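Colleague: Encoded as structure tokens, here's the structure I'll be asking about.
The values are calculated or read from the model by the stated rules, or taken from the named source; none is laboratory data. Just so you know, these numbers come straight off a predicted model, no measurement behind them. We place every Cβ from the backbone using ideal geometry, glycine too, and count neighbours over all the protein chains shown.
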Amino acid sequence: MTTETNRSASAPSPPMPTGGSPAAPHRLILPTVLAGVFITTLDFFIVNVAIPSLQTDLNASASAIEWVVAGFGLAYGVGLITGGRLGDLYGRRKMFLLGLGLFTIASLLCGVAQSGGFLVSSRVLQGLAAAMLAPQVLALLGTIFTGAARLKVFAGYGLAMGLAAVFGQLIGGLLIEADIAGWGWRSCFLVNLPICLLIMGVTLKVVPESRAEGRPKLDFLGVVMITLALVALVLPLIEGREDGWPLWTWLSFGAFVVLMAAFVAVEQSIAAKDGSPLVNIAMFRDRAFVVGLACQLVFWMGQASFFLVLALYMQAGRGLSALEAGLLFAAIGAGYMYTSMNATKFATKLGRQVLAVGALLMVVGLVVLGVTAAQLGSDGHTAWLIPGLVIDGAGMGLAVAPLASTVLARVNPQYAGSASGVLTTGLQIGNSIGVAVIGVIFYNALGEQPDSSAFAHAFDMGIVFLVAVAAALALLVQALPRTNAGK
């Protein structure tokens with residue numbers, strides 16, 4: 001998303017009928033556009049329950065498995081701001097359809113992959129396609145819907161993302177258990193094909209086109225530099241442990257610092273010439289934005305990483321099938337559904353502290369989960385994990401729904417559009433960094449010849465990291481500036 005995609009003043013007006021009042025948006029627009037963001041978010045999380053079987057089937061290494069998750073998130077995060085700018089330039093519906101088309105092709109390639117490397121490459125392509133598609137969703141909804149209806153559709157956007165995240169594992173488990181046409185884990189990717197084609201067909205019929213006024217230019221140099229910088233950060237985190245942290249990993253971390261400094265200089269130079277920088281660096285002088293971005297990164301560092309190690313623990317460590325693991329993941333969804341559907345009410349009463357309460361609930365749930373896992377032994381029933389999962393899910397729901405809106409409410413309005421784009425990018429980068437860090441912790445604790453007790457130990461070490469992440473979020477929230485209401 002770019003600044004232009006969020007400026008309602010520059011948005012095209014809905015079509016006017018002969019009577020002179022705006023025509024009501026077609027009733028299929030909202031479910032069609034939200035289906036696009038649902039399917040791309042789902043694909044980030046659905047893969048978790050498929051990991052044990054695809055790792056065996058493809059004889060993939062531990063680092064390749066981490067890249068199956070982190071590669072998608074990295075490509076998604078790196079491409080989001082660029083995807084939003086392309087929609088401004090060439091049309092949001094056009095880029096939405098192009099992203100869906102590429103996502104369909106990438107899903108097919110994932111479904112027919114015969115090696116870990118080919119699957120990772122296909123997942124990166126999926127992430128790039130999702131980055132092309134996702135920014136158009138809020139931009140389209142923001143130009144088509146107005147007033148109170150706009151608030152409702154944005155709430156629906158958050159709910160669609162949350163449902164895809166917490167129920168992705170259950171859907172994946174059902175697909176693997178059904179073993180449609182003998183596809184096994186491949187069905188988690190191939191199921192996207194008919195769904196995406198249906199979304200594309202309906203989009204062509206009911207979704208209107210829109211572009212930003214002023215036709216901002218694409219900052220190619222900024223795109224290249226931020227892409228290289230983020231790859232330089234995440235690549236050594238994922239590959240370093242397995243390679244024994246050779247010299248190149250430390251050089252890569254150093255390159256990240258240099259590239260980010262150069263990126264800032266380039267963006268400042270473009271802004272000084274009244275150009276169109278990829279990121280408005282001036283907003284980093286706004287404390288609300290800087291703290292908010294840190295909150296976004298920290299929160300999402302604990303999401304994909306948690307789902308990854310939980311899936312590995314339950315399937316490889318406890319011997320559960322993909323469906324059994326998916327059903328346990330549904331316990332997270334139960335807690336999530338209750339709090340997320342009431343999050344607006346809680347946020348009205350608690351203000352920024354709703355995020356801290358959510359974070360502390362996650363701490364409690366994770367501690368309960370870690371203690372329970374340590375006490376289960378080899379014969380304990382995994383149903384004992386449910387209370388901790390429900391509490392953790394409740395904390396997620398209380399935090400994820402109000403996170404962006406709570407932060408953006410405190411950001412200088414002149415930076416609102418650019419800030420929302422960077423915050424969305426922070427979501428995906430946080431996921432990728434979290435997966436990379438927890439992979440180092442989990443696999444180091446697991447050892448070379450793991451048994452069920454080794455998986456339990458590795459899972460507990462991962463829980464320690466996740467508790468620290470949730471506690472850090474609760475502390476960071478206190479640095480957010482208060483609103484006029486004092487919350």
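Colleague: Within segment 210-223, can one find any residue that is at pLDDT 85 or above, touching a helix residue (DSSP H, G or I) at 6+ places or on another chain (Cβ under 9 Å) and assigned to a loop (DSSP other than H, G, I, E, B)?
Modeller: Checked segment 210-223: no residue is at pLDDT 85 or above, touching a helix residue (DSSP H, G or I) at 6+ places or on another chain (Cβ under 9 Å) and assigned to a loop (DSSP other than H, G, I, E, B).
Colleague: Further, regarding this structure: Spot the failing condition for VAL367; the list is (1) buried (at least 21 other Cβ atoms within 10 Å of the Cβ); (2) over 22 Å from the mean Cα position of the chain (by Cα); (3) among the hydrophobic types (A, V, I, L, M, F, W, C), and only one is missed.
Modeller: Of (1) buried (at least 21 other Cβ atoms within 10 Å of the Cβ); (2) over 22 Å from the mean Cα position of the chain (by Cα); (3) among the hydrophobic types (A, V, I, L, M, F, W, C), only one is false for VAL367: (1).
Colleague: Can you go through ALA70, ALA35, ALA134, ALA130 and tell me which one is touching a Phe, Trp or Tyr at 6+ places or on another chain (Cβ under 7 Å) and in contact (Cβ under 8 Å) with a residue 60 or more places away in the chain?
Modeller: Just one listed residue meets the conditions, ALA130.
Colleague: Moving to a separate point now. Any residue in segment 405-415 that is surrounded by 19 or more Cβ atoms within 10 Å (Cβ to Cβ), modelled with pLDDT under 65, in a helix (DSSP H, G or I) and in the same structural domain as ALA356 (by TED's automatic domain parsing)?
Modeller: Yes - at least one qualifying residue is present in segment 405-415.
Colleague: Where residues in segment 176-204 are free of Cβ contacts under 8 Å to residues at least 24 places away in the same chain and closer than 25 Å to LEU308 by Cβ, which of them is surrounded by the most Cβ atoms within 10 Å (Cβ to Cβ)?
Modeller: Checked segment 176-204; the qualifying residue surrounded by the most Cβ atoms within 10 Å (Cβ to Cβ) is VAL191.
Colleague: Scan segment 313-323 and give yes if some residue there is modelled with pLDDT under 85, out of contact with any helix residue (DSSP H, G or I) (no Cβ under 9 Å at 6 or more places or on another chain), assigned to a helix (DSSP H, G or I) and not polar (S, T, N, Q), otherwise no.
Modeller: no
Colleague: Do we find a residue being touching a residue at least 12 places away in the same chain (Cβ under 8 Å), charged (D, E, K, R) and outside the structural domain of ILE176 (by TED's automatic domain parsing) anywhere in segment 332-354?
Modeller: yes
Colleague: Please enumerate the residues belonging to segment 449-487 that are modelled with pLDDT under 85, surrounded by 19 or more Cβ atoms within 10 Å (Cβ to Cβ) and part of a helix (DSSP H, G or I).
Modeller: Answer for segment 449-487, where residues must be modelled with pLDDT under 85, surrounded by 19 or more Cβ atoms within 10 Å (Cβ to Cβ) and part of a helix (DSSP H, G or I): there is none.
Colleague: What tally of residues in segment 268-304 results from selecting those that are in contact with an Asp or Glu (Cβ under 6 Å, 6 or more places away or on another chain) and not in a loop (DSSP other than H, G, I, E, B)?
Modeller: So the count comes out to 1.
Colleague: Hey, can you tell me all the residues within segment 267-280 that are crowded, with 18+ Cβ neighbours inside 10 Å and either modelled with pLDDT under 85 or among the hydrophobic types (A, V, I, L, M, F, W, C) (or both)?
Modeller: Listed by number, the residues that qualify are ILE270, SER276, PRO277, LEU278, VAL279, ASN280.
Colleague: Need pairs with beta-carbon distance below 9 Å; first residue farther than 22 Å from ALA75 by Cα and β-branched (Val, Ile, Thr) and within segment 230-257, second modelled with pLDDT of 95 or more and part of a helix (DSSP H, G or I); sequence gap 6+ or separate chains.
Modeller: Correct list of pairs: empty, since none qualify.
Colleague: Here's a follow-up. Do we find that GLU177 is part of a helix (DSSP H, G or I), under 29 Å from ASP392 (Cα atoms) and more than 21 Å from the chain's Cα centre (by Cα) in this structure?
Modeller: yes
Colleague: Could you tell me which numbered condition ALA60 fails, if it satisfies all but one of (1) part of a helix (DSSP H, G or I); (2) among the aliphatic types (A, V, I, L, M); (3) crowded, with 20+ Cβ neighbours inside 10 Å?
Modeller: If we test ALA60 against (1) part of a helix (DSSP H, G or I); (2) among the aliphatic types (A, V, I, L, M); (3) crowded, with 20+ Cβ neighbours inside 10 Å, just (1) comes out false.
Colleague: Right, another one. Report, ordered by the first and then the second residue, all pairs with beta carbons closer than 7 Å, sequence separation of six or more or different chains, a first member in segment 437-459 that is in contact (Cβ under 8 Å) with a residue 12 or more places away in the chain and outside the structural domain of THR372 (by TED's automatic domain parsing), and a second member that is outside any helix (DSSP H, G or I) and surrounded by 20 or more Cβ atoms within 10 Å (Cβ to Cβ).
Modeller: none
Colleague: Another one. Given LEU151, LEU119, LEU163, LEU159, which one is modelled with pLDDT of 90 or more and part of a helix (DSSP H, G or I)?
Modeller: From the options LEU151, LEU119, LEU163, LEU159, the qualifying one is LEU119.
Colleague: Name the residue that is modelled with the highest pLDDT, counting only residues in segment 420-448 that are among the aliphatic types (A, V, I, L, M) and farther than 29 Å from VAL78 by Cα.
Modeller: ALA445
Colleague: Further, regarding this structure: Between LEU54, LEU89, which is crowded, with 20+ Cβ neighbours inside 10 Å and outside the structural domain of LEU327 (by TED's automatic domain parsing)?
Modeller: LEU54
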